[in-house]
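Here is the structure we will look at.
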Amino acid sequence: MNVANILTFIRVILTPVFIAAFIMGQHVWAILLFSVAGFTDLIDGTIARLLKQHSVKGALLDPMADKFLMQSCFVCLFAVGIIPWWFLLLALGRDLMIVTGIFYLEHQRAPLPYRAIITSKIATVFQLGVAVAGLVIRWQPTLEVNRFSLHDFFYGLLFATTILLIVSGTQYVLIGLRVLKQHRLKGEVTPSS
């Protein structure tokens with residue numbers, strides 16, 4: 001157990017508490033809990049690198065915790081009509097594809113590139129933005145800043161996040177196929193014992 005993994009566990013624990021706050025209509029608490037959990041997502045990888053505390057377990061657990069938090073929030077926001085069904089399906093489908101790919105590569109004993117790609121990191125930041133903006137809209141639906149509607153900002157962010165999810169998902173598929181191909185080629189040239 002290291003600092004980065006502790007932050008990941010905190011995120012896992014906070015997620016059901018956030019869901020409960022959302023369901024009970026505790027909007028401010030839901031925003032705060034999600035924001036704290038999301039912040040741990042942003043810093044745990046940096047802390048692992050700075051303290052040189054990388055672990056295979058952490059590399060697998062961290063994205064699972066991220067997906068649990070993010071998708072829980074998106075399901076909640078979809079249930080109250082803030083996030084459209086197609087965005088929920090895209091986000092869920094991309095995450096399911098990534099997790100399935102990881103388990104398949106693990107099963108094939110292919111070497112996994114545990115580092116997230118840059119477009120995925122940017123997509124995570126944008127997803128956090130969509131989630132927080134959606135939670136604020138749920139709390140204050142008519143909020144405006146300098147006559148600029150939060151809804152307009154939200155839909156612009158939703159569109160940008162959609163593009164990032166598609167691009168990063170495509171990149172992960174291509175990386176996974178390349179890793180699998182290299183692994184199979186390596187297996188073919190390795191003499192059997």
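What follows draws every value from the coordinates through simple rules; no lab data is involved. Everything numeric here is computed off the predicted structure, so don't read it as measured data.
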Q | Candidate aspartates and glutamates for bridging to LYS121, where Cα separation is under 17 Å - those fewer than 8 sequence places away on the same chain excluded | A | ASP41, ASP44, ASP62, ASP66, ASP95
Q: Using only alpha carbon pairs under 8 Å that are at least six residues apart, calculate the relative contact order of the chain and give it in whole percent.
A: 23 percent
Q | Range of Cα positions in the chain per principal axis (Å), largest first | A | 69, 34, 27
Q) On full extension of the chain, what length is gained from ILE10 through SER149, given 0.36 nm per residue of separation minus the C-alpha to C-alpha distance? A) 46.7 nm
(Q) If you build the convex hull over the alpha carbons only and average its shadow over all orientations, what do you get for segment 146-186? Give it in nm² to one decimal. (A) 3.1 nm²
